[in-house]
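Participant: Take this structure first; my questions come after.
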Amino acid sequence: MKRFYALLLSLAVTLAVLVPAANATLFIPTAGETQMAGVILKGTAADAQLDLKLFTDAGSFVAADTWASRTELSGCTGYTSGTGKPLTAGTNWTTTGGQPIVETYTAQTWTFGGACTTIKGYAVVGHTSGVLYWEELLTVPFTPANNGDSLTITPRFQLQ
């Protein structure tokens, strides 16, 4: 019996390593990496504004992800499809030191006017360029059901 429990424990540890939580970290696709590297290292013009947008599809993130490959929330009172919420540079971002450093933005809330599609994650998209800078799944998908239901997201940025 001890061998059986040891085998189960070994299998559980292996699965925990092989199947990380979907929301363990945010994901930066190739287009976002390229844009950020260009701004930092080459003087490429940066988007003057980033937008926080909600998406309804989920699956594994891949390097080739673009905002066009995501399904943006639409047809819901309380969310403006195509616009999202503006994330302005400056004092709205707070730095938490450590390894790694984490930047968090002031919490953003949407209040919905009734039933809506399930929201699975958020993305930060260049307002002018449309570049998908980064995306993250919600810990628990959220489905607005009633007038007044709200979703609050605190956007964060972290490099490891």
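Where a number appears in this text, it was derived from the coordinates with a stated rule and is not lab data. The shown structure was predicted, so the numbers you read here are calculated from the model rather than taken from an experiment. A quick note on method: Cβ atoms are made from the backbone with ideal geometry, for glycine too, and the neighbour counts reach across all protein chains shown.
Participant: Percent relative contact order of the stretch 22-158, based on C-alpha pairs within less than 8 angstrom and at least six residues apart?
Facilitator: Relative contact order comes out at 33 percent.
Participant: Would you list 124, 131, 140 from fewest to most Cβ contacts within 10 Å? Don't skip to the answer; put the middle values down first.
Facilitator: Working: 124 25, 131 19, 140 8.
Sorted ascending by nearby Cβ count, the order is 140, 131, 124.
Participant: Now, a different point. Could you list 120, 42 so that the one with the fewest beta carbons within 10 Å of its beta carbon is first and the one with the most is last? Show your work: numbers first, answer last.
Facilitator: Values: 120 21, 42 7.
In order of increasing Cβ crowding within 10 Å: 42, 120.
Participant: OK, next. Provide the per-residue ³J(HN,Hα) series for the stretch 71-86, in order, calculated from phi with Karplus coefficients 6.51, -1.76, 1.60 and θ = phi - 60°, each as a whole number of Hz, with x at glycine and proline positions.
Facilitator: 9, 6, 4, 8, x, 10, 5, x, 9, 9, 5, x, 10, x, 10, x
Participant: Given H placed on each backbone N at 1.01 Å, which residues far from residue 102 in sequence or on other chains put an amide H within less than 5 Å of it?
Facilitator: Answer set, sorted by chain and number: 96.
Participant: Moving on to the next point. Quick check: residue separation of residue 140 and residue 91 times 0.36 nm, minus the Cα distance between them. What number comes out in nm?
Facilitator: Working: separation 49, 0.36 × 49 = 17.64 nm, distance 2.87 nm.
Result for the pair: 14.8 nm of gain on full extension.
Participant: Measuring from a point 7 Å past the Cα of residue 71 along Cα-to-C-beta, which residues in the stretch 27-62 have an amide N at less than 15 Å?
Facilitator: In the stretch 27-62, the label zone of residue 71 (backbone N under 15 Å from the point 7 Å along Cα→Cβ) covers 54-60.
Participant: Then there is this: What is the order of 156, 70, fewest Cβ neighbours within 10 Å to most? The partial results should precede the final answer.
Facilitator: Working: 156 17, 70 20.
Ascending number of Cβ neighbours within 10 Å: 156, 70.
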